[in-house]
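Asks: If you scroll down you'll find the structure; I have some questions about it.
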Amino acid sequence: MPSTPAAAARQILTRLQEVMASRTSAQAKLNKVVEIIGQSLSSEVCSIYLVREGVLELFATRGLKQEAVHVTRMAMGEGLVGLIATNVETLNLDEAASHPDYSYRPETGEELFHSFAGVPIVRRERAIGVLCVQHAEPRKYEEVEIEALQTVAMVMAELIANAELADDGPSDQRVTDTGTTMLHGLQLVMGMARGHAVFHQPRVHIEHTVAEDTEAERQRVISAFAKMREQIDRMTGAAEFGMEGEHQEVLETYKMFAYDEGWTRRINEAIDSGLTAEAAIERVQQRTRMRMRQIDDPLLSDRMHDLEDLANRLLRIVSGQLGTAAQMGLRQDAILIARNLGPAELLEYDRRRLKGVILEEGSLTAHVTIVARAMGVPVLGRVRDIRHLVNEGDLIQMDVNANALLIRPTADMEEAFDNKLHVTQKRRAEFVAMRDLPSVTADGQRVELMVNAGLREDAQALDMVGADGIGLFRTEFQFLVSATLPQREKQQRLYKDVLDAAGDRPVIFRTVDIGGDKALPYMQREDEELEDNPAMGWRALRLALDRDGLMKAQARALLEAAAGKVLHVMFPMVSEPWEYEEARALVEHQRLWLQERRKKLPIAVKYGAMLEVPALAEVLDILLPRLDFLSIGTNDLTQFLFAADRAHPRLAERYDWLSIAILRFLDRVVRTCKDYQVPVGVCGEMGGRTLEAMALVGLGIRRLSITPASVGPVKAMIRAIDAAELQALMRELLDGGARDIRARLTQWAVERNIELG
């Protein structure tokens, strides 16, 4: 076996070219292919399964019983072969029978073989077959062998498609449904928009996969890279935003990917294996997609999306198929539709015509989301099959605030949308009018309304909505959008800018909450494994105390940034008092260190903890005397109390924030804090929903930290209620064990003409 993937694949492809050029039948070619691969990899078995009428059929084999060909069939998802096809992923097992999805087929005679490796044969982003090898001795196949299989599978996709042996991938035909369709997704950037559907880009179909002149293909790639990098430099340099912010760091990180030598090297290695420039780029891109499907970490997955965006751009350049909707120009108000987008691709569009974006994928930490927010473009993500449910030019109404997407709305729906948009604008005007009015109940009780933030530009919201301060500044956002660990000086600049924008209003900085489902690739250790339950794993304060160098640098950055001001520091995910004590001592040590060096320091440091872990409620009598304030994180707290993953689609709406279990728990915490005279607030999503916020005020909560968009509606509600009357109602409901608190509170509000929208 050759020592490199390129040499191994090239050896096989050289022989396959002769087979593909022969005048024999497609079946005869596949029979020859399995012989060549089996011999080249010294593998006793090589088999090809193809998808026919939705079922995987054994089409050719070397090593299994020939009578099983065209007889052995498996459903998608059945057995190891079905698993590979369904997940479009590679499997490499030294003992196939030990895998939970192993399915024994006696007619094949495969009980003689132990090791198993399989790769999907991919066309148009989905598997049309599976190529697998087996060996009698238990052993893992080498990486060089797996990469050779993946390259061969790509070339085979062309042969199979041309011979029409397998079910083809999704067609590009028009959607036949002309009726109205409503869809939902993940709210990424809030707002309302209406426009006509525009597809971001046509799929580049690769006609030829095997190269005739390797050096010529390499020169094509070199030229395409130069052109792509020039485009990226020009676009990112021309991008205009209102002020500096994390979106600019995003673009710098994106540029770094474009100049990544590792990516260039992998494409050149694919060319060395005998592929054309287009096929080499697609080969590396397929590998990226497979890795993305295996990544649970959303941050790392988002960075892989950036790499895929660049690969799409490079593929269009090298193939000469340069047309995207951006290059052709938007002729009318448009809603852009894509599987995913990179930040630079979004910047190509005319901002006067681009009204909204719909993605089949996407996440809150994706680079495109951060840039879209800076552009003021609403984005709805995770809309399944959107590209196959809408025609180019169809009218679309987006209401991201309500998580509603209407395709081909009726005239009545358009009128309703206009009315809601008008009402929304009118309500927004009313909220602006009360921006400078105090957040005080009808009976004179003050409720602080603060905002949650994480980006530099978020501080602008303080003046826009008339908030009392920033009740939660998520410092990890700077780490999430950066390609490398942000230096202390860079952190300090961000914190100072936010404090300056806030003026005399308080800013509560939560120390970095990374790890778990927000793992940073540049901080992972080789010996660290993926966590089965990241939300309850090695994250937040647990990780920060373990890697105290990170926390020391952040503490110094915060202390120096807050020179001459009051610094509010809050520690996330405190489970026991000693964790808080260690974190506080670490910050205090850094303060003394700076003081000895005559550095300017804050006039005072206020320390707080987040109550997210239910266990902390049992030791508040120990902790509260050491705290300046307590903040309840209702998002994590809810999922921990109910043992329910808040990201699980079947559980997302199952457990109500207004359930008696949650409210009684919060009531106990509030009363304990009152006994110790420690201010307590809520900084989770619960406080941003008007009815839930009303319940919190009824429990005695007097500080809410919410999204800027929620400040207006919540302030209007607060100014309309009698807090004493509401507190009496809440006491009655909790003590009496009311079953439907949501209905009772809604009725109470309606009877008093209190707006809940």
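Asks: With respect to the numbered conditions (1) buried (at least 19 other Cβ atoms within 10 Å of the Cβ); (2) modelled with pLDDT under 85, which one is the sole condition not fulfilled by V88?
Replies: Against the list (1) buried (at least 19 other Cβ atoms within 10 Å of the Cβ); (2) modelled with pLDDT under 85, V88 comes up short only on (1).
Asks: Quick one: is L406 within 30 Å of R331 (Cα to Cα) and touching a helix residue (DSSP H, G or I) at 6+ places or on another chain (Cβ under 7 Å)?
Replies: Considered against the rule, which asks whether it is within 30 Å of R331 (Cα to Cα) and touching a helix residue (DSSP H, G or I) at 6+ places or on another chain (Cβ under 7 Å), L406 comes out as yes.
Asks: Need a quick list: strands (runs of 3 or more DSSP E) entirely within the range 407-515 having at least 1 residues that are among the aromatic types (F, W, Y).
Replies: Hits in the range 407-515: 470-474, 507-510.
Asks: OK, next. So which helices (runs of 4 or more DSSP H) stay within the range 652-727 end to end and still have 3 or more residues that are farther than 23 Å from L641 by Cβ and β-branched (V, I, T)?
Replies: Per the criteria, 708-720.
Per-residue answers, yes or no, for (1) in contact with a strand residue (DSSP E or B) (Cβ under 6 Å, 6 or more places away or on another chain); (2) within 25 Å of L449 (Cα to Cα); (3) modelled with pLDDT of 85 or more:
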| site | (1), (2), (3) |
| --- | --- |
| Q487 | no, no, no |
| A501 | no, yes, yes |
| D504 | no, yes, yes |
| Q524 | no, no, no |
| E528 | no, no, no |
| D532 | no, no, no |
| R542 | no, no, no |
| Q554 | no, no, yes |
| E582 | no, no, yes |
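Asks: Take the residues of the range 728-757 that are outside any helix (DSSP H, G or I) and over 37 Å from the mean Cα position of the chain (by Cα): which is modelled with the lowest pLDDT?
Replies: The residue in question is A738.
Asks: Scan S42, S98 and give me the residue that is without any contact (Cβ under 8 Å) to a residue 12 or more places away in the chain and either surrounded by fewer than 20 Cβ atoms within 10 Å (Cβ to Cβ) or in contact with an Asp or Glu (Cβ under 9 Å, 6 or more places away or on another chain) (or both).
Replies: None of the others qualify; the one that does is S98.
Conditions tested, residue by residue: (1) at positive phi; (2) surrounded by 15 or more Cβ atoms within 10 Å (Cβ to Cβ); (3) in the same structural domain as Q492 (by TED's automatic domain parsing).
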site	(1), (2), (3)
G393	yes, no, no
I396	no, yes, no
V400	no, yes, no
L405	no, yes, no
R408	yes, yes, no
F417	no, yes, no
Q425	no, no, no
A429	no, no, no
Q460	no, yes, yes
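Asks: Condition (residue is within 20 Å of V432 (Cβ to Cβ) and surrounded by fewer than 20 Cβ atoms within 10 Å (Cβ to Cβ)) applied to the range 719-741: is it met by at least one residue?
Replies: Yes, the conditions are met somewhere in the range 719-741.
Asks: I need the full set of residues from the range 389-425 which are within 12 Å of R194 (Cα to Cα) and among the polar types (S, T, N, Q), in order please.
Replies: Answer for the range 389-425, where residues must be within 12 Å of R194 (Cα to Cα) and among the polar types (S, T, N, Q): just Q397.
Asks: Being of a type outside the set (G, A, S), more than 18 Å from L449 (Cβ to Cβ) and free of Cβ contacts under 8 Å to residues at least 12 places away in the same chain narrows it down to one of Q747, Q727, so name that one.
Replies: Q747
Asks: Within the range 58-105, count every residue that is part of a loop (DSSP other than H, G, I, E, B) and not hydrophobic (A, V, I, L, M, F, W, C).
Replies: Count: 17.
Asks: Please go through (1) closer than 26 Å to A693 by Cα; (2) in the same structural domain as Q187 (by TED's automatic domain parsing) for S439 and return the number of the only condition it doesn't satisfy.
Replies: (2)
Asks: Please give the helices (runs of 4 or more DSSP H) falling wholly within the range 539-638 in which 3 or more residues are surrounded by fewer than 16 Cβ atoms within 10 Å (Cβ to Cβ).
Replies: The qualifying helices (runs of 4 or more DSSP H) are 577-596.
To keep it simple, each residue is scored yes or no on (1) assigned by TED's automatic domain parsing to the domain that holds F629; (2) buried (at least 22 other Cβ atoms within 10 Å of the Cβ); (3) of a type in the set (S, T, N, Q); (4) modelled with pLDDT under 95.
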| position | (1), (2), (3), (4) |
| --- | --- |
| A661 | yes, no, no, yes |
| F665 | yes, no, no, no |
| V680 | yes, yes, no, no |
| G688 | yes, yes, no, yes |
| G700 | yes, no, no, no |
| R703 | yes, yes, no, no |
| A709 | yes, no, no, yes |
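Asks: I632: β-branched (V, I, T), in the same structural domain as G688 (by TED's automatic domain parsing), at pLDDT 85 or above and within 24 Å of D740 (Cβ to Cβ), yes or no?
Replies: yes
Asks: Anything in the range 495-514 that is over 23 Å from the mean Cα position of the chain (by Cα), in contact (Cβ under 8 Å) with a residue 40 or more places away in the chain and closer than 16 Å to A557 by Cβ? List them, or say none.
Replies: Y495, K496, D497, V498, L499, V507, I508, F509
Asks: Shifting gears a bit: Taking D468 as meeting all but one of (1) over 24 Å from V368 (Cα atoms); (2) in contact with a strand residue (DSSP E or B) (Cβ under 6 Å, 6 or more places away or on another chain); (3) modelled with pLDDT under 65, write down the number of the exception.
Replies: (3)
Conditions (1) modelled with pLDDT of 90 or more; (2) in contact with a strand residue (DSSP E or B) (Cβ under 8 Å, 6 or more places away or on another chain), marked per residue:
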{"position": "A6", "(1), (2)": "no, no"}
{"position": "R10", "(1), (2)": "no, no"}
{"position": "L13", "(1), (2)": "no, yes"}
{"position": "T24", "(1), (2)": "no, no"}
{"position": "K29", "(1), (2)": "no, no"}
{"position": "Q39", "(1), (2)": "no, no"}
{"position": "I48", "(1), (2)": "yes, yes"}
{"position": "G63", "(1), (2)": "yes, yes"}
{"position": "L80", "(1), (2)": "yes, yes"}
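Asks: Here is a follow-up. Could you grab the pairs with beta carbons closer than 9 Å, sequence gap of 6+ or different chains, first residue in the range 620-634 and under 16 Å from I701 (Cβ atoms), second one among the acidic types (D, E) and buried (at least 22 other Cβ atoms within 10 Å of the Cβ)?
Replies: Taking only residues 6 or more apart or on different chains, the pairs are I632/E612; G633/E612; T634/E612; T634/E692.
The values are calculated or read from the model by the stated rules, or taken from the named source; none is laboratory data. It should be emphasised that the depicted structure is a prediction, and the values quoted were computed from it without experimental measurement. Virtual Cβ from ideal backbone geometry, glycine too; neighbours counted across all protein chains shown.
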